[in-house]
Amino acid sequence: MFGLFKSKGEKPEEQARKQPSETPVNKQFKELAAQFLPEELTILAVTGGNGFGGGKTRGETLWTASIGLTAWMEEDSPDIHRGEFVLSTIADDKLLGVLRQRARPDFIIKFRGRVSENGQRLLLLDLPEPAFDPDLKAILEEEKKPVTFQEEGLGAFTLNRQVDWFETTVDWLGTEISLVFDAEEDRAGCIQNAKAVLAAAGDWDRRVREYAAGELLSSANDWAEDEEITREQFMERMELESIEVRADGGFDFWFGDGDLFYGHSIHVSGDMENGPDDAEMEG
């Protein structure tokens, strides 16, 4: 694809002769590659809970494709680096699809790459392929084990590795919803705030719905084709799906829109001291 990946055994100068040096593709790849040390290594790595994703900034024609890694090592080296790492390259739509097939979540891969100075980022230079190493396999099996904890009054929380948060199901005024908090947050603070929100569920439910209606009712009526939606109807049609709490008292309520916005979500955020302070239609 665009000559970004070298053929096996091909020297850098041979690759350079094959492709114009000033194409947008080469320029974008060159800018990314400049962030890494020049030495090329054969690397084995463990992928995280998510596959390849892509991002673009204005003016870029290709994706900066990235995948999280949880461990990596040079081939035939006893040293294993463990932590949170990012493997990146430049890709078009087709290559991004290939990368997603070849480097799946929770997988061991082998590739040619370069490493950033701090060792936290890696540059992909060829197509990754499946690999095996007994030490990396042991790391992968350990990471795939469910991470859970029990909290009185809230039930069992399970770590969702794809989004890196703990989640459980709780009763909210007769409806089952998801209760979540980021795994990087202070657990005790999040649990304390979750219990406080649930203890006053009726009050918070009313306040959040009233605030959302005040902010979004006009937009909902702009979306409505042949009906006038009242404030009460707006609040009734909101379908609470999940609440995210934070240790600092912040919260996010996520609602299904009850077809107010043809299937989009309603997101209300705020904090426990001051109440809701923002409401958006999203998705």
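Every number in this text was worked out from the coordinates using simple rules, so none of it is lab data. Note that the coordinates shown come from a computational prediction; the quantities given were computed from them, not determined experimentally. So basically every Cβ, Gly included, is an ideal-geometry build from the backbone, and we count neighbours across all protein chains shown.
Worth pointing out:
- The chain: calculated mean residue ellipticity at 222 nm from DSSP helix runs of at least 4, using -39500 (n - 2.57): -9000 deg cm²/dmol
- Charge dipole (the chain, unit charges on Cβ, about Cα centre) - positive-most of 197, 98, 154: 98
- Spatial separation of Cα centroids for region 143-166 and region 187-211, in angstrom: 20 Å
- 24 Å Cα-Cα threshold exceeded, pairs from 56/144; 110/144; 30/137: 56/144; 30/137
- Vicinal HN-Hα couplings computed from phi for region 61-66 (Karplus, 6.51 cos²θ - 1.76 cosθ + 1.60; Hz; Gly/Pro x): 9, 10, 7, 8, 8, 9
- Scattering curve values for the chain, log₁₀ I(q)/I(0), Debye with Cα scatterers, q = 0.08 Å⁻¹: -0.51
- Dipole magnitude of the chain, debye to nearest 20 (Cβ charges: Lys/Arg +1, Asp/Glu -1, about Cα centre): 1800 debye
- At R0 = 51 Å, FRET efficiency that the Cβ-Cβ distance of residue 152 and residue 27 yields, to 0.05: 0.35
- Paramagnetic reach from residue 271 (point 7 Å along Cα→Cβ, amide N under 16 Å) across region 232-255: 245-253
- Axis of helix 201-223 versus longest Cα principal axis of the chain: the two differ by about 80°, to the nearest ten degrees.
- Extension gain from residue 86 to residue 169, taking 0.36 nm per residue of separation minus the Cα-Cα distance: 26.7 nm
- The angle separating the long axis of helix 24-33 from the principal Cα axis of greatest extent in the chain is about 90 degrees.
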